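Student: Take this structure first; my questions come after.
The values are calculated or read from the model by the stated rules, or taken from the named source; none is laboratory data. Worth saying up front: this structure is predicted, and the values here are computed from it rather than measured. So basically every Cβ, Gly included, is an ideal-geometry build from the backbone, and we count neighbours across all protein chains shown.
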Amino acid sequence: MSDLLVPAIATILDQQDETPDTRTYRLRFRDDAQAERFDFQPGQFLELSVFGAGEAPFCLASSPTRRGTIEVTVRRTGRVTDALAALGPGDEVGLRGPCGNGFDVTAAEGHDLVFVGGGIGLPPLRGLIWNVLDRREAFGNVTILYGARTPSLLVYKQELHEWGARADVEVRITVDRAEPGWTGTVGMVPVLFDQVDLKPQSSLAYVCGPPIMISFVIQDLLARGFAPERIISTLERMMQCGVGKCNHCCVGSKYLCRDGPVFNFREIREMWE
């Protein structure tokens, strides 16, 4: 967008319930020319306004390889998300962005890729996964490891099935607590590492999820031989302005909304030293 401080108007085209409190919205800018020229990287985010309720940051959950519309996946957690949940197809919202940096897709070419997501942490990875799958020949092995508290809280259930049915993708799923009918793995996300053949020297690992999950996953990846710069994650703070002015997301010398939210683990470690 030409001005990151001025929201552009977008229309909700449709919506899909992912879990009892989480929904994916497909949006299109009201201005057709703006819809066609909007460009972003997986991992970047938007500031979304629900008029009369406020504004909040949400990751872009769609891939830049699929132009014309964009998607965000939102869990109800407060005033703005409750107001968004009351809207439907045809209603309008405001969008500012894309904000922050993103995953460097070009740098990932030729590497084996390991995606590790937990709960609502899969949406930031979803855009990157579809970006990779839409250009599948440019990458090595693709492994997707995902977990949630219960089976009912898994997001993108149909896409997980679709990815798992592909011969060129390995998918492993776990839940913390089983529910009736669940026959899969039970345990925290790191239990899935023993089910796959990880190649630390040739792989890049992308990690997103609750902070405690990210911490345990990164520790396990390091112990399995991944170099810190080969572990890429997202950091989360209240990225209120989206342009590095309000100081709410400052960590050390970095503004997560401007310098992040994507960092490799070497950069993350240096931020806290």
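Student: On the basis of being free of Cβ contacts under 8 Å to residues at least 60 places away in the same chain, closer than 23 Å to ALA148 by Cα and within 17 Å of the chain's Cα centre (by Cα), does PRO180 make the cut?
Tutor: no
Student: If we keep just the residues of the stretch 70-119 that are of a type in the set (Ser, Thr, Tyr) and at pLDDT 95 or above, which is nearest to the chain's Cα centre (by Cα)?
Tutor: Applying the filter and picking the extreme gives THR73.
Student: Suppose we keep only residues that are touching a residue at least 12 places away in the same chain (Cβ under 8 Å) and among the β-branched types (Val, Ile, Thr) within the stretch 99-130. Which one would you say is surrounded by the most Cβ atoms within 10 Å (Cβ to Cβ)?
Tutor: Among them, the one singled out is VAL116.
Student: At pLDDT 95 or above, out of contact with any helix residue (DSSP H, G or I) (no Cβ under 6 Å at 6 or more places or on another chain) and surrounded by 20 or more Cβ atoms within 10 Å (Cβ to Cβ), is that true of LEU133? Step through it out loud before you land on a result.
Tutor: Numbers: at pLDDT 95 or above: yes; out of contact with any helix residue (DSSP H, G or I) (no Cβ under 6 Å at 6 or more places or on another chain): yes; surrounded by 20 or more Cβ atoms within 10 Å (Cβ to Cβ): no.
No, not satisfied.
Student: It is to be established whether one or more residues within the stretch 57-78 are farther than 26 Å from LEU154 by Cβ, surrounded by 14 or more Cβ atoms within 10 Å (Cβ to Cβ) and not assigned by TED's automatic domain parsing to the domain that holds TYR206.
Tutor: Within the stretch 57-78, none of the residues are farther than 26 Å from LEU154 by Cβ, surrounded by 14 or more Cβ atoms within 10 Å (Cβ to Cβ) and not assigned by TED's automatic domain parsing to the domain that holds TYR206.
Student: Against the condition within 18 Å of ALA86 (Cα to Cα), at pLDDT 95 or above and buried (at least 18 other Cβ atoms within 10 Å of the Cβ), how does THR11 come out, does it pass?
Tutor: So THR11 does not fit the description; no.
Student: Which members of the stretch 19-44 meet the condition of being on the phi < 0 side of the Ramachandran plot, of a type outside the set (S, T, N, Q) and either assigned by TED's automatic domain parsing to the domain that holds PRO151 or in contact with a strand residue (DSSP E or B) (Cβ under 6 Å, 6 or more places away or on another chain) (or both)?
Tutor: Start the filter on the stretch 19-44 by keeping residues that are on the phi < 0 side of the Ramachandran plot, which leaves 19-42, 44.
Then drop every residue that is not of a type outside the set (S, T, N, Q), which leaves 20-21, 23, 25-33, 35-40, 42.
Selection gives ASP21, ARG23, TYR25, ARG26, LEU27, ARG28, PHE29, ARG30, ALA35, PHE40.
Student: Let me ask another. Look at LEU160 and say whether it is of a type outside the set (S, T, N, Q), under 22 Å from the mean Cα position of the chain (by Cα) and not in a strand (DSSP E or B).
Tutor: Yes.
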